[in-house]
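Accompanying notes for the structure given below.
The values are calculated or read from the model by the stated rules, or taken from the named source; none is laboratory data. Predicted, not measured: the structure shown is a model, and the values here were computed from it. Heads up, the Cβs are rebuilt from the backbone with ideal geometry, glycines too, and the neighbour counts pull from every protein chain shown. Surface accessibility is based on the protein's heavy atoms, side chains included, excluding ligands, DNA and RNA. Shrake-Rupley method; radii C 1.70, N 1.55, O 1.52, S 1.80 Å.
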Amino acid sequence: MLRKINLTNFFAVLLIGGLGLGILSNVIFPQNPKLSCLVLAIAAGLWFIKPYFKKWTDRFSPQTIKWAFVGTMGIILLVQLLILHFLPATVYHDPYRVLNQAELLSRGHLTWTHSIYFYRSPNNAPLAILLSYWIKLFAMIHLSTFVAVHFLSILLLDGLIALIISLVRQYTTRNYSVLATMLFFIFSSFAYTYYLQVFYSDLPILFTLALVFFVVARWTHLSTLKKIVLGAAIFLAVMLGQIVKPNLIVLAVAIVLVGGWLLIRQRKQFVKLLVPFVLMLGGFAASVPVTHVMEQTSHFSESTKYEIPTTHWIEMGYNPNTYGRISGADVKKLDALPTKAARQAYLNKAFPARLKKLGIVGIVKQWAVKLGILLNVGNVQAAYTGGFIQAPASYQKIAAPVKTLSSALMRASIILLYVEVLLSSVALIRRQATLPNTAFVLALVTAVGYLAFHTLLWETESRYGQALIPMLFLLSTVKRPAIKSLTPKTTRFRVFSTVAFLAVVAAAYITSPLTLIDNIQLVSGQLGQLSIQYKALLTAVKPHQAVTQELQLNHSASRFIVSTAPKAHLTGQLINLKTKHAYQLTAGPKSLLVHHVLAKGKYLIKISNNTTKTQKLQISRMYD
């Protein structure tokens, strides 16, 4: 009976369904008909030139492809360095809290009481500890936290890109696939935005998965020495990956499933891959005691007073009001309860009640919505960044159209990648005579595992779906029946169908009432904070004292806001240092603000306590 189970077909069908929803999601969301039309137009244009691009690239020699790879990595690195120098981003929420704590630990401040964030989210404590080791290493050679963190981002990000391109080069005989992959990373926003500007747990997981599939794909052809080196590498990568982001456990489940399937269906292949499978499972096992030791040496311990039960994230996944994403309302309800036990007792009643209210139809609808969010890339590259700290004036003039175009290009590129993988999955189903390469099967099972985990079990975010990127590029190389060469007849049909499609898209674009480009943007920002919601320590401003900070505006602005603590009685001014004109800030519930046209130039922010009592203000500080 077990020998008749076709693991590949089962998971391929599930992936096809998921990618179909992903394609639809990237066409529609974020909702703007004009932007959707632009996405479709770019996708249609790229699809149209595909056979011509194939024909052209077939003439390239292996040496040319090798130099194209070197050039690709060089171009990407150059653009990355320019962005980090001229366009540093303001980082907020979880990545900022992790970075702030890591810097404290690296300076020998082994305290976790600056806020209750890590007691609420203890899974991020190991990430802060690991990052602190890296920052401390760079501090020893007198390099700043900024340099340390961005060097790590570039190392992992460019390593990830190189691994993916190498995987594609290994499994395809067509230059087209390799060069298309290179062009994706050069021209899309993938290499230049979120993963470059914000160091968080998503990038290490992507790198870990890419390394795992790179090694598994090559294992049977490696020399003994390379097996020792790469075996140790995947053991460490999986161990650290699991420490950093526990949902990597999906890979462990996939390894067990594929390993069991190989044992039954292809025992020789099972024996060949037994060592890397055992090493990876050993990495998962080792993550538990290593995490415990790390937390002990850094003086971190979990607190049942603040800790949130695991059920909370599952419950949020079934909140229809937030479409399965993090829910502020759900968080506030649990915040009001005194202990972890009380929160668990509440969830034991609230979660079944939510499922009952949704019903079978509502649950299935929730799954579809969550899957669409998971595979959507419309906003993922802007995750945890509110904009640039102070972009040059020349860039700010073109920032809005650049942002719109890069978003459309990313969505169109991902749609085409999904289409390629969808066709590859169909090819895997139709391949009945021979069993597919084990790396493909493991990639297929792992990809579906991630989709299932964040659709059926956990809360969802577009960031989480990015974990599929290494698997999708690998699966896109599955050999499919050759497409007939271009003839005058097929060329005419291709031109006619593409023009007709673009005409329909153009008509839809013209008739849409919305604008394509959103011109509202952040001129200058500093959004990182430990957050009052996590009981962050506040700075005391004594009576008749003030705190100041200089601000550079490289472009005119229409409003200015400073966040303050609730019920704080503070006054504020924004002073133009050239004209000496002072703009009085109006007090709001949680901020001081002014709505006024502000010319570009240098300003001084001055927050004063004009009362007779000490007031509180949250000030974000970094050592370096």
Inset, instruction - Could you grab the Rg to Rh ratio for region 211-292? Cα atoms only, Kirkwood for Rh. - result: 0.98
Legend entry - Protein accessible area in region 538-617, 1.4 Å probe - carbon and sulfur %: 54 percent
Inset, instruction - Give me the percent of Cα-Cα pairs in the chain that sit more than 50 Å apart, rounded to a whole number. - result: 14 percent
Inset, instruction - Would you calculate a helix-derived [θ] at 222 nm for the chain, using -39,500 (n - 2.57) for each DSSP H run of n ≥ 4 and dividing by the full residue count, to the nearest 500? - result: -20000 deg cm²/dmol
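At 25 °C and 0.890 mPa s, grab the translational diffusion coefficient of region 445-604 from Stokes-Einstein with a Kirkwood Rh over Cα pairs, rounded to a whole number in µm² per second. All intermediate terms of the calculation are to be shown ahead of the outcome.
Values: Rh = 22.7 Å.
This corresponds to a translational diffusion coefficient of 108 µm²/s.
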Inset, instruction - Just add up the charged neighbours of LYS578: K/R +1, D/E -1, any other residue whose Cβ is under 12 Å from the Cβ of LYS578. - result: +3
Legend entry - In sequence order, calculated HN-Hα J values of region 154-165 (Karplus, 6.51, -1.76, 1.60; Hz; x Gly/Pro): 5, 4, 6, 5, 6, x, 4, 4, 4, 5, 5, 4
Inset, instruction - Obtain the radius of gyration and the Kirkwood radius of region 107-192 from its C-alpha atoms and give Rg over Rh. - result: 1.17
Inset, instruction - Largest first and to the nearest Å, give the Cα extent of region 457-549 along each principal axis. - result: 83, 38, 28
Legend entry - Surface accessible to a 1.4 Å probe, per residue, for the residues of the chain, Å²: 48 Å²
Inset, instruction - Report, largest value first, the span of the C-alpha coordinates of region 33-122 along each principal axis, in whole Å. - result: 61, 42, 28
Inset, instruction - Principal axes first, then extents: for the Cα atoms of region 538-617, list largest minus smallest coordinate on each axis, whole Å, largest first. - result: 36, 22, 18
Inset, instruction - List the pair-distance distribution P(r) of region 118-166, using every Cα-Cα distance, as the percent of pairs falling in each 10 Å bin from 0 up to the bin containing the longest distance, rounded to whole percents. - result: 24, 37, 31, 8, 0
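Where Lys and Arg each count +1 and Asp and Glu each count -1, what net charge lies around ALA353 among other residues with Cβ under 14 Å from its Cβ?
Details: positive: LYS333, LYS349, ARG354, LYS356, LYS357; negative: GLU315, ASP330.
With Lys, Arg at +1 and Asp, Glu at -1, the neighbours total +3.
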Inset, instruction - Please tell me the relative contact order of the chain in percent, rounded to the nearest whole number, where contacts are Cα pairs under 8 Å and at least six residues apart. - result: 23 percent
Inset, instruction - Compare ILE129, ILE228 by solvent-accessible area with a 1.4 Å probe and give them largest first, with all protein chains kept in place. - result: ILE228, ILE129
Legend entry - Contact order relative to length of region 153-250, as percent, for alpha carbon pairs under 8 angstrom and 6 or more apart: 34 percent
Legend entry - Whole-Hz ³J(HN,Hα) from phi, Karplus 6.51 cos²θ - 1.76 cosθ + 1.60, for region 345-354, glycine and proline x: 4, 5, 5, 4, 9, 5, 5, x, 5, 5
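If you average 1/r over every pair of different alpha-carbon atoms in region 221-343 and take one over that average, what Kirkwood value in Å do you get?
After inverting the mean inverse Cα-Cα distance, the result is 17.7 Å.
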